[in-house]
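Novice: One structure coming up, written as C-alpha cells, with questions to follow.
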Amino acid sequence: MPAVQLDVLIDRESPVPLYHQLSEQLTAAVDDGRLEPGDPFENEVALARRLGLSRPTVRRAIQEMVDQGLLVRRRGLGTTVANRKVHRKARLSSLFDDLEAEGREPRTRVVEMGPSTDERAAAALDLEPGTEMISIVRVRLAGDLPLAIMHNWLPPAQSDITRADLEEQGLYALLRRRGVKPVVAQQSIGARMPTATERRELDLGNGQPVLTMTRMAFDAAGDAIEFGDHAYRAEDYTIDLMLDER
C-alpha cells in the first residue's frame, strides 16, 4: 500500500519551529482519520524533498510523533501509523466516558455478574469480611477492538443493577443517575503479563503485557462506593499525568 501524501502548509515566517508545524499537521491527520492505524507513513527523504525541508527537520517531526505513540518504526518495514491509543487523563472518569469524549464507539460486554464475597474488595469498600457484594466483570470495547477487562465490586445497596444497565452506559454515569456520585479516588497503576482469561478476552499475543489499574472511589461523605481491578491492552492505552513541584 503506498503512503498517503498529505497536504502540509509550512509557514517559514512563523515563530513556530518548522518541525513542530509539520508534526502538528501530521498529528491532526491521524486524529481526524486521514491516516488510519496501519497506514504506511511517507518516507522521510521523500517527505523532505516534497516539502522543501531538511531531513533533520522532518526526522525530528517524525520522532515527536513516535514519542507520542502515534507512529511506529519497524526495522525492514518502515514507519506506520500506530494503533489508536486511548490517552486517559488522570481524573475521576470512566473509560466509557473517555471513549465517548473522543468520538469513539464505546461498547460493553458483561462477562460475569452476580453476588460474591472477596476479602480484598470488602476491605476496600470498608465492609465486614464475608459481606456479599455485587461482582461485575466486563470487557470494554471501542467499536470491535477490546481495550480493557474490568472487574468491579459494588456495595450491597447497588445489587439491583442489571446487565442491561451496564451494557447501555458507563458505571460512573449509572451510579450518578442513582444518586451516588464519586468525587475522589485512590488509584494504583502497574503493568504485568496477562492471565489466560485476559489474553483471550483482550485478544493478546504471547509476550504482550497489560497495563493494570486498581481504584477505590468515594463519595462526598467519604463512603466507599466501588472498587475496581482493571487490565488494559498496553499498546492501545496510556494514562497522562500532570505533575507539579511541591
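The values are calculated or read from the model by the stated rules, or taken from the named source; none is laboratory data. Note that the structure is predicted; figures quoted are calculated from it, not measured. Neighbour counts are summed over all protein chains in view; Cβ atoms, including those assigned to glycine, are modelled from backbone coordinates with ideal geometry. Side chains are part of the model used for accessible areas, which takes the heavy atoms of the whole protein and leaves out ligands, DNA and RNA. Shrake-Rupley method; radii C 1.70, N 1.55, O 1.52, S 1.80 Å.
Novice: Can you pull out every residue in the stretch 53-97 that is part of a strand (DSSP E or B) and either modelled with pLDDT of 80 or more or closer than 29 Å to Ile189 by Cα (or both)? Before the answer, list the steps.
Specialist: Initial filter on the stretch 53-97 (part of a strand (DSSP E or B)): 71-74, 78-81, 86-89.
Leu71, Val72, Arg73, Arg74, Thr79, Thr80, Val81, Val86, His87, Arg88, Lys89, listed by residue number.
Residue by residue, here is whether (1) β-branched (Val, Ile, Thr); (2) buried (at least 18 other Cβ atoms within 10 Å of the Cβ); (3) out of contact with any Cys (no Cβ under 6 Å at 6 or more places or on another chain) holds:
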residue: Val111; (1), (2), (3): yes, no, yes
residue: Pro115; (1), (2), (3): no, no, yes
residue: Leu125; (1), (2), (3): no, yes, yes
residue: Glu128; (1), (2), (3): no, no, yes
residue: Met133; (1), (2), (3): no, yes, yes
residue: Arg138; (1), (2), (3): no, yes, yes
residue: Asp144; (1), (2), (3): no, no, yes
residue: Leu147; (1), (2), (3): no, yes, yes
residue: Met150; (1), (2), (3): no, yes, yes
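Novice: Given the condition among the hydroxyl-bearing types (Ser, Thr, Tyr), open to solvent by less than 40 Å² (accessible area, probe 1.4 Å) and modelled with pLDDT under 90, answer yes or no: does some residue in the stretch 180-190 qualify?
Specialist: So in the stretch 180-190, the residues among the hydroxyl-bearing types (Ser, Thr, Tyr) come out as 188.
So of that shortlist, the ones also open to solvent by less than 40 Å² (accessible area, probe 1.4 Å) come out as none.
Within the stretch 180-190, not a single residue is among the hydroxyl-bearing types (Ser, Thr, Tyr), open to solvent by less than 40 Å² (accessible area, probe 1.4 Å) and modelled with pLDDT under 90.
Novice: While we're looking at this one, here's another question. Collect the residues in the stretch 16-42 that are at pLDDT 85 or above and open to solvent by 50 Å² or more (accessible area, probe 1.4 Å), keeping them in residue-number order.
Specialist: The answer is Val16, Pro17, Leu18, His20, Glu24, Gln25, Arg34.
Novice: Suppose we filter the stretch 200-230 for residues that are within 18 Å of Ser116 (Cβ to Cβ) and either free of Cβ contacts under 8 Å to residues at least 12 places away in the same chain or not charged (D, E, K, R) (or both); how many remain?
Specialist: Count: 7.
Novice: Give just the number: which of (1) open to solvent by 20 Å² or more (accessible area, probe 1.4 Å); (2) within 16 Å of Ala224 (Cβ to Cβ) does Pro106 not satisfy?
Specialist: All conditions are met except number (2).
Novice: May I ask you to verify whether Ala3 is of a type in the set (Gly, Ala, Ser) and either open to solvent by less than 30 Å² (accessible area, probe 1.4 Å) or more than 22 Å from the chain's Cα centre (by Cα) (or both)?
Specialist: Numbers: of a type in the set (Gly, Ala, Ser): yes; either open to solvent by less than 30 Å² (accessible area, probe 1.4 Å) or more than 22 Å from the chain's Cα centre (by Cα) (or both): yes.
Taking the combined requirement at face value, the residue satisfies it.
Novice: Let me ask something additional. Identify all residues within the stretch 45-75 that are within 29 Å of the chain's Cα centre (by Cα) and over 22 Å from Ala234 (Cβ atoms); write none if there are none. Walk me through how you get there before you give the answer.
Specialist: Restricting attention to the stretch 45-75, the residues satisfying the condition of being within 29 Å of the chain's Cα centre (by Cα) are 58-75.
Hits for the stretch 45-75 are Val58, Arg59, Arg60, Ala61, Ile62.
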